[in-house]
1. For the structure I just gave you, tell me whether K19 is in a strand (DSSP E or B) and either open to solvent by 100 Å² or more (accessible area, probe 1.4 Å) or aromatic (F, W, Y) (or both).
2. Looking at A50, A27, which is the one that is modelled with pLDDT under 95, out of contact with any Cys (no Cβ under 7 Å at 6 or more places or on another chain) and of a type in the set (A, V, I, L, M)?
3. Is there any pair with a first residue in the range 51-65 that is under 23 Å from Y22 (Cβ atoms) and a second that is among the hydrophobic types (A, V, I, L, M, F, W, C) and at pLDDT below 85 whose Cβ atoms are under 9 Å apart and which are 6 or more apart or on different chains, and what are they?
4. List every residue pair whose Cβ atoms sit under 6 Å apart, with the two residues 6 or more apart in sequence or on different chains, where the first one lies in the range 6-35 and is in contact (Cβ under 8 Å) with a residue 60 or more places away in the chain and the second, anywhere, is assigned to a loop (DSSP other than H, G, I, E, B) and surrounded by 13 or more Cβ atoms within 10 Å (Cβ to Cβ).
5. So how many residues does the range 37-66 have that are open to solvent by less than 100 Å² (accessible area, probe 1.4 Å) and either within 30 Å of C8 (Cβ to Cβ) or among the acidic types (D, E) (or both)?
6. Criterion first (within 18 Å of T3 (Cβ to Cβ), surrounded by 10 or more Cβ atoms within 10 Å (Cβ to Cβ) and of a type in the set (D, E)) does E33 satisfy it?
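The values are calculated or read from the model by the stated rules, or taken from the named source; none is laboratory data. A quick note: this is a predicted structure, and the numbers were derived from the prediction, not measured. No Cβ is skipped: glycine too gets one built from the backbone with ideal geometry, and neighbour counts run over all protein chains shown. What goes into the accessible areas is simple: the full protein's heavy atoms, side chains included, and nothing from ligands, DNA or RNA. Shrake-Rupley method; radii C 1.70, N 1.55, O 1.52, S 1.80 Å.
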Amino acid sequence: MFTKDGVCDWCKKHAQVKKLSYIDGKANFACKECYDTAKMDVRLYNLEQASFVAQMQSQNTHQQSA
């Protein structure tokens, strides 16, 4: 699971890390100690971004209909 050698983007320590991907294509890496917090952080960001995009698309659809 944590097979990549690198630097954790949360604690900045050199460790075995796992990649976490954001909905907008960016990514960060987290070590075992930070993984649960990082996973929650990325998940919340992705949910917020998806909600924002859906809201903007809905507004654009309503504006085009008027």
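1. Here the answer is yes, as K19 does meet what is asked.
2. One residue alone meets the criteria, A50.
3. none
4. That search, which allows pairs on different chains as well, returns nothing.
5. 12
6. yes
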